[in-house]
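No value in this document is a laboratory result; all are computed from the given coordinates. What you see is a predicted model, and the numbers here were worked out from it, not measured in a lab. Glycine also receives a Cβ, built like all others from the backbone with ideal geometry; neighbour counts cover every protein chain displayed.
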Amino acid sequence: MDVDGSQARMAAFLRDHQDKIVGRWSELVVAGVRGRSSVVEARRELEDIYSLIIAVMSGPGEAGPGEQARVELRAVLAEFSRSRARSGFAPGETALGVFSLKEAVYELIADAADLMPEFLAFSRLIDNLGLYTFESYAAARERIITDQATSMLELSTPVVRLWDGIIAVPLVGTLDSARTQLVMEKLLETLVATGADHAVLDITGVPTVDTEVAQHLLKTVNAARLLGAECTVSGIRPQVAQTIVSLGIEFGDIATKATLADALAHALSRAGLKVGPA
Amino acid sequence: MERVPILKIGSTLFVSIQIDLQDETVIRLQEDLATELVATRATGVIIDITAVEIVDSFIGRMLTMIGSISRLFDAETVLVGMRPAVAITLTELGLSLRGVRTALNAEKGLELLSGSS
Amino acid sequence: MDELPIQSGDDVVRVRQHVRILAAKSGLSLVDQTKVVTAASELARNALVYGGGGMARVEVVTSATGRNGVRVDFTDDGPGIGDVDLALTDGWTSGAGLGLGLSGARRLVDEFELTSKAGAGTSVVIVKWSR
């Protein structure tokens, strides 16, 4: 955001015609978002940005009030972009909001030929601000997507209590490393909270079990063992069984069962319990 | 250098680690435990690591060694109270600590010990 | 950036505590904090035991996308590692058969850079980002 020393006259012009320019700017911005915001709302936000732009242009060089205003302006624009991103406005609409200030100013300045060179420098400043706004928007959108992905991951990883001391983790979907981390965390936290000593990892809903998935399962079992819990892997479908054997995957001393029911019976018998007629 | 205290209750030795473990401290603990096992003829050792935030490969190996040392004196060792974050990290490091039994807490650790004797 | 000398077992503990504080400041989850501190513990110990002592430089960093993380730089002037690739394979050991734990430490962090030559010391830089 480079500012020429000769911006003083431009700054004065902006100050003198503030009301008219901000008014016109607000109209242009609202027209750009097709009525999703009112002129009054837009004006409130833009007034702030406008004052800061004047402050940046009036401040001399690197230190002092000009620098302070520059920092504040970046912060305000970043917040402007963030809220637009969250409200679902398009990236173009958001950046256009900044660029249309040029148009509003130009309409008034078109007849003042002596201010043209300064208008050029002003235009450059607005271009930089517009780009910065666009970049902030992009970063904010990315953040939202990451957060949503995390929530989805959380929601699809329940841990249920089957019986005293026996919990089950029904895994649905692919078991990649991100998922495995989450499963381990939730499983271990539940072990601590419930004092369970047996966990059933049900993989009925896991479409493919290859060496990588098997490693993830093994990791999860290892972690649970460190907290004194034993694990059983259930839900091994016939096709999955073939893949496991042909890939040479060894489950070692981890008990494996075809169904969750079998796994529950196994866990109950290990706990010294059995189910019988009433 | 700090020393980790060893408590004797019945035929079990209790070790509760409350400090940030320095290498020398762990080695000293091994020596102290060996001495106590011989002196008391205890049959079980419970090492409580509820308060331990970091277990790296060195400390992990030392804990496994404690298990081996105890076995030489015919005593069983149970590691209790490992924090989830520590368990996940150890698993990622590839340390399964085979050679020491584990339990959720001291109470379950004792159950394990009485079950095996 | 904070510089911490690694000349004793106490120093290793101090490095752990310091990395823990900065990891928490960077907004890392509890599990991620534990991972990076454990990795730092491994590497600090290596610098002490195999490198004859060294230095750790710890700082909070920010990525291009605005994410915070913690970065630790370990250096020592020890004998160095002749075959870096070999040292990074699982189960590789050296010295008293205790292993350098490098491959393990690498799995715990997001970025891991090891530079070493026989007779020219070792440098390891790790970074763990918040999610």
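Can you give me the three principal axis dimensions of region A:160-270 from its C-alpha atoms, in Å, biggest first?
37, 30, 23
At q = 0.13, 0.18, 0.24 Å⁻¹, work out log10 I(q)/I(0) for region A:123-178 with the Debye formula, treating every Cα as an identical point scatterer and leaving solvent out; two decimals please.
Those come out to -0.57, -0.76, -0.95, one per q.
Enter the Cα centre distance for the pair region A:95-133 and region A:259-278, rounded to the nearest angstrom.
Taking the Cα centre of each part, region A:95-133 and region A:259-278 sit 76 Å apart.
Quick check on packing: order A:255-265, C:23-33 by the mean number of other C-beta atoms within 10 Å, highest mean leading.
So the peptides A:255-265, C:23-33, ranked by packing, come out C:23-33, A:255-265.
Determine the dipole magnitude for the protein assembly as shown: charges of +1 sit on the beta-carbon of Lys and Arg, -1 on that of Asp and Glu, nothing else is charged, the reference point is the Cα centre, and the result goes in debye to the nearest 20.
Dipole about the Cα centre, nearest 20: 1320 debye.
³J(HN,Hα) across region B:78-90 via Karplus (A = 6.51, B = -1.76, C = 1.60, θ = phi - 60°), whole Hz, x for Gly/Pro?
10, 8, 10, x, 5, 6, x, 4, 5, 4, 5, 5, 4
Tally Lys and Arg at +1 and Asp and Glu at -1 over the other residues with C-beta under 13 Å from the C-beta of residue A:169: what net charge comes out?
That works out to 0.
Once chain A is represented by equal point scatterers at the alpha-carbon sites, with solvent omitted, what log10 I(q)/I(0) does the Debye formula produce at q = 0.10, 0.13 Å⁻¹?
Per q value, in the given order, log10 I(q)/I(0) is -0.65, -0.81.
Would you work out which of A:94, A:68, A:263 lies farthest towards the positive end of the dipole of chain A? Charges go on Cβ: Lys and Arg +1, Asp and Glu -1.
A:263
Among the aspartates and glutamates, select those whose C-alpha is under 17 Å from the C-alpha of residue A:257, and discard any that sit fewer than 8 residues away in the same chain.
Here the aspartates and glutamates satisfying the reach criterion relative to residue A:257 are A:202, A:230.
Counting each pair of different Cα atoms once, what's the Kirkwood radius of region A:7-151 in Å, rounded to one decimal?
15.8
How tilted is helix C:9-25 with respect to the longest principal axis of chain C? Cα atoms for both, answer in degrees (0 to 90, nearest 10).
30
Along region C:60-70, what does the Karplus equation 6.51 cos²θ - 1.76 cosθ + 1.60 (θ = phi - 60°) give for ³J(HN,Hα), rounded to whole Hz, x for Gly and Pro?
Going residue by residue, I get 8, 10, 10, 7, 4, 8, x, 8, 8, x, 10 Hz, with x marking Gly and Pro.
What does the structure give for C:15-27 when I average, per residue, the other chain Cβ atoms found within 10 Å of the residue Cβ?
Per-residue shielding by partner chains comes out at 1.
Thinking of region B:6-109 as a set of Cα atoms, what percent of all their pairs are more than 16 Å apart?
The share of Cα pairs beyond 16 Å in region B:6-109 comes to 53 percent.
Suppose every Lys and Arg Cβ carries +1 and every Asp and Glu Cβ carries -1, with no other charges. What dipole size does region A:182-278 come out with about its Cα centre, to the nearest 20 debye?
240
Collect residues whose amide H, placed 1.01 Å from N in the peptide plane, falls under 5 Å from the amide H of residue A:161; neighbours closer than 5 in sequence don't count.
Answer set, sorted by chain and number: A:168.
If one computes the Cα centroid of region A:142-219 and of region B:1-60, what distance in Å separates the two points?
Distance between centres, Cα-based: 33 Å.
Compute the projected area of the convex hull of the Cα atoms of region A:172-213, averaged over all viewing directions, and report it in nm² to one decimal place.
3.2
With n ≥ 4 as the cut-off for DSSP H runs, can you work out [θ] at 222 nm for chain A, using -39500 (n - 2.57) per run divided by the number of residues, rounded to the nearest 500?
-22000 deg cm²/dmol
Name the long-range amide H neighbours of residue C:78: under 5 Å, sequence gap of 5 or more, or other chain; modelled H, no Pro or chain starts.
Those lying under 5 Å, H to H, from residue C:78 are C:121, C:122.
Return the tail of the calculated pair distribution for the protein assembly as shown, meaning the percent of Cα-Cα pairs more than 45 Å apart.
36
How many Cβ atoms of partner chains, on average, are near each residue of A:219-225 if near means within 10 Å of its Cβ?
Mean inter-chain Cβ contacts per residue within 10 Å come to 6.
With each run of n ≥ 4 DSSP H residues scored as -39500 (n - 2.57), what mean residue ellipticity at 222 nm is computed for chain C after dividing by its residue count and rounding to the nearest 500 deg cm²/dmol?
Value at 222 nm, helices only, nearest 500: -11500 deg cm²/dmol.
Once phi is turned into ³J(HN,Hα) by the Karplus curve 6.51 cos²θ - 1.76 cosθ + 1.60 with θ = phi - 60°, what whole-Hz value does each residue of region B:15-23 show in order, with x for glycine and proline?
10, 10, 8, 10, 10, 6, 5, 9, 3
Search the structure for amide H atoms under 5 Å from the amide H of residue A:206, placed 1.01 Å from N in the peptide plane, and list their residues when 5 or more places away or on another chain.
A:173
Pop the C-beta distance of residue A:275 and residue B:72 into the FRET formula with R0 = 25 Å and round what comes out to the nearest 0.05.
Taking R0 as 25 Å, the efficiency between residue A:275 and residue B:72 is 0.05.
To the nearest 20 Debye, how big is the dipole of chain C about its Cα centre, given +1 on the beta carbon of each Lys and Arg and -1 on that of each Asp and Glu?
Dipole about the Cα centre, nearest 20: 500 debye.
Putting +1 on Lys and Arg Cβ atoms and -1 on Asp and Glu Cβ atoms, find which of A:22, A:46, A:140 reaches farthest to the positive end of the dipole of chain A.
A:140
Sorted by average packing, counted as other Cβ atoms within 10 angstrom per residue and highest first, what order do A:151-158, B:82-89 take?
Ranking, from highest mean packing down: B:82-89, A:151-158.
For chain C, report the translational diffusion coefficient in µm²/s to the nearest whole number, using Stokes-Einstein at 10 °C, 1.306 mPa s, and a Kirkwood Rh over Cα pairs.
109
What is the average number of partner chain Cβ atoms found within 10 Å of a Cβ in B:47-56?
Going residue by residue through B:47-56 and averaging, the value is 4.
Using just the Cα positions, wrap region A:150-200 in a convex hull and report its mean projected area in square nanometres, one decimal place.
So the Cα hull casts an average projection of 3.3 nm².
Give a quick list of trypsin sites (Lys or Arg not before Pro) in region B:73-117 that DSSP marks as loop, anything other than H, G, I, E or B, with at most 11 other Cβ atoms within 10 Å.
Here the sparse-neighbourhood loop sites are B:98.
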